[in-house]
Amino acid sequence: MKALILGGGMSGLATAINLLDLGLEVELVEADEIFGGRASSWKDEDGDMIDNALHVFFPYYANLLNFFRKMGIEDNIIWKQTEFYYMQEGGREAVLRFANLPAPFHAAAAFYTLLRSYTGVPRWKLLFTAAGMGGAVMYSERKLEKLDEMTFGQWAVRRAPVDAFLPMEPGINGLTFTPSWMVSAKVMLNWFRKVAADPDSARVGFANGGLGDIWVGTCLDYIHSKGGKTELRKAVTSINLEGNRVRSVTVNGEEERTADLYVSCLPPFSLRRVLPREAFRYQYFRDLWHFQYAPSLSLQVWFDRKLTDVDVTFFSNNCIFNTYADLSNVLPHIFTGGSMFEMVLSPADHIEGLPDEIIFDIALEQIRSLFPSAREAQVRKYKVVRERQGVYRPLPGMEKHRPYQRSPLDNLYLAGDYTRTHVSSGGMEAAIWTANHCAELIALDKLGKSHILNVEWKPKKGLVPLIKPATRVGAALAGLALARRMVKGAKR
Ligand SMILES: Cc1cc2nc3c(=O)[nH]c(=O)nc-3n(C[C@H](O)[C@H](O)[C@H](O)COP(=O)(O)OP(=O)(O)OC[C@H]3O[C@@H](n4cnc5c(N)ncnc54)[C@H](O)[C@@H]3O)c2cc1C
C-alpha cells in the first residue's frame with residue numbers, strides 16, 4: 001500500500017516514519033527548498049546558524065521525546081534550570097524560579113521569587129495573579145473545556161484588577177502570537193497547568209545546535225534507509241477527487257501523483273487553497289476557513305561582547321519581542337565571542353510590513369533600554385527571518401474547528417500541529433501527537449490492526465489533591481468555631 005505525504009515539516013517527516021514502520025510504501029513531497037518546516041534551520045553566507053525561530057522544548061512533550069528517543073537523538077535537547085527571567089527597563093532582572101518542592105508549593109515559591117523582583121505591576125496585584133493561577137491549576141477538564149468560550153482577558157478581568165496578569169503576557173504572546181485579550185482562556189490555562197504542574201515541568205530544553213540540525217537529517221536518513229522517497233521543491237497545487245476519494249494530487253501545476261492513501265501535513269492555509277470546490281460540501285473542510293493566521297518574525301542579533309550570563313528564556317513586556325534567549329549562554333560551545341540574541345517577534349501584525357532595518361532599529365533600542373551593557377556594544381550583524389513563520393490564532397471557539405485526523409474522504413488523512421489534539425493548540429508536541437494518531441487510524445482503517453503510538457503525559461500530583469479537601473476542612477472548622485462563639489455569646 002502506497003502513501004503520499006504532502007508536506008515535509010515535523011508532522012510530515014514523523015508521519016513518513018510511522019507509516020514506513022507499518023510496512024507502507026511512502027513518498028513525500030515538500031514545496032520548500034529544505035525539510036523541517038517551521039522547526040528548521042540553515043547556515044547563512046558567513047556559515048552562521050540561522051534558526052527559523054527560537055524553539056523551546058518542555059518535559060511534558062512526552063510524544064516528541066519518545067519520537068526523539070526512537071530516532072536516537074534525545075540528547076540533542078539541552079535541559080536548563082526551571083526558571084524564567086524577566087528583563088525590565090534599566091537592566092532590572094526579575095526571576096520566576098520554580099523550587100524543588102512538592103506541587104503546588106514549588107509554584108507558590110516561584111511566585112514569591114517573582115514578587116520580590118518584578119516591578120511591572122504593584123505587588124498587591126501580583127497576589128491576585130497568584131490566587132487566580134493557583135485556582136486554575138485545580139480546574140477540572142470539564143471546566144477547562146468550557147473556558148474555550150472566552151478569552152484569557154475575559155477570564156482574567158473576573159479574577160483580578162487590571163494588569164494583574166501582565167507578567168503572563170510575554171508567555172502568551174510567545175506561545176500563541178496572539179494578545180491575551182484575543183486568545184482562548186482554555187488554551188493558555190492548559191499550558192499554564194502543564195508548566196506549573198510539577199517541579200520539573202517548567203524546565204526548558206533548547207536544541208543543541210541548529211533547530212533543524214538536531215532532527216531533520218536523522219529522520220531523512222531513517223526514511224531513506226527504509227525505502228521511503230522524499231522530494232523538495234514539489235508544491236502540491238491541487239488535490240483531485242473522484243467521488244468520496246482522492247484520485248490524485250497535482251504537483252507544481254503539472255505532475256500528477258497517485259497513491260492508495262494521502263496524508264496532508266500541510267498548514268491549514270495551504271490545504272484549503274489546494275482542495276477542490278466539491279470538498280467544501282463537507283463541514284469538515286469548511287472548518288479550515290475558520291483558521292486565522294497569527295504572524296511572527298524571528299530576529300537574531302550578534303553583539304561584539306557579552307550582555308548577560310543568563311542561559312534560560314527571557315520574557316519582556318511592551319517590546320516587539322517577548323520571548324528570547326542569549327544563545328552564547330545557552331550554547332556556549334557554538335556561539336563564542338559575544339552575545340547572540342535570538343528573539344521571537346510576535347504578535348507581528350503591526351510590524352511584519354516594516355522593512356528589516358526598521359524592525360532591527362526598534363528591537364535594538366528596546367534591547368538597549370533593557371540591557372544597559374548593550375549601549376556600549378557593537379552589533380556585528382543581524383538577521384530578520386520572515387520565511388516559515390506564524391501559527392494559527394487560537395481564538396475562543398477554535399477548538400471545535402480543528403479537524404480530526406480522519407477526514408470524511410475514504411483515503412485522506414490529516415496531520416499537523418493545527419489538527420485536533422488535546423495536548424495543545426499547536427507546537428512540536430502537537431505535530432508529533434497528530435502524526436502518531438494519524439498512523440494509529442491508518443493502521444486501524446486500512447490494515448485492520450490496533451497500533452498504539454501516543455502516550456499520555458501525567459504530571460506528578462504532589463500535594464495538589466489535598467488542597468481542595470484541606471480548604472474544605474479548614475472552612476468547616478472555621479464555621480464550627482464561629483458557631484461555637486455565637487452560641488457562647490447567646491448564652492451570656
Ligand atoms: C516563531 C515560531 C516559534 C515557535 N516556537 C515553538 C516552541 O518554542 N515550541 C514548540 O513546541 N513549537 C514552536 N513553534 C511551532 C512549531 O514550529 C510547529 O508547531 C511545528 O514545527 C509544526 O510542524 P508541522 O509539520 O505541523 O507544520 P510545518 O512545520 O508548517 O510543516 C508544513 C510543511 O508543509 C509545507 N508546505 C506548505 N504548503 C505546501 C504545498 N502546497 N505543497 C507541499 N508542501 C507544502 C511547508 O513548506 C512545511 O514544510 C514555533 C513556531 C514559530 C513560527
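Each reported figure results from applying straightforward, stated rules to the coordinates on display, with no laboratory input. Predicted, not measured: the structure shown is a model, and the values here were computed from it. Cβ atoms come from the backbone with ideal geometry, glycine included; neighbour counts cover every protein chain shown.
Laid out as a table, the results:
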| quantity | calculated |
| --- | --- |
| The chain - charge dipole about Cα centre, Lys and Arg +1 at Cβ, Asp and Glu -1, debye rounded to 20 | 3280 |
| Helix 185-195 vs. the chain, principal-axis angle (Cα, 0 to 90°, nearest 10) | 80 |
| Three-way shape call for segment 61-214 based on the alpha-carbon gyration tensor, with the a/c threshold at 1.5 | prolate |
| Residues THR82, THR218, THR258, sorted so that the one with the fewest Cβ neighbours within 10 Å comes first | THR258, THR218, THR82 |
| Segment 239-334 - percent relative contact order, Cα under 8 Å, separation 6 or more | 14 |
| Among ALA3, GLY210, ASN18 - extreme Cα towards positive end, dipole of the chain, charges at beta-carbon | ASN18 |
| Cα centroid separation, segment 274-289 to segment 120-189 (Å) | 34 |
| Coordinate range along principal axes, alpha carbons of segment 1-114, Å, largest first | 57, 41, 21 |
| Cα long-axis angle, helix 10-21 against the chain (0 to 90 degrees, to the nearest 10) | 60 |
| Helix axis angle, 464-491 relative to the chain longest principal axis, alpha carbon, degrees | 30 |
| Listed residue (ALA483, THR323, GLY416) projecting farthest to the positive dipole end of the chain, Cβ model | ALA483 |
| Cβ crowding within 10 Å averaged over residues, with 443-450, 200-207, 386-393 ranked highest first | 200-207, 386-393, 443-450 |
| Bins of 10 Å, starting at 0 and running to the largest distance - Cα pair percent for the chain | 4, 18, 28, 25, 15, 6, 2, 1, 0, 0 |
| Table column - 3J(HN,Hα) (Hz), segment 161-168, Karplus curve with 6.51, -1.76, 1.60, x for Gly and Pro | x, 3, 6, 4, 9, 3, x, 7 |
| Rounded, prolate or oblate (a/c below 1.5 giving rounded, otherwise prolate when a/b exceeds b/c) for segment 77-144 by Cα gyration tensor | oblate |
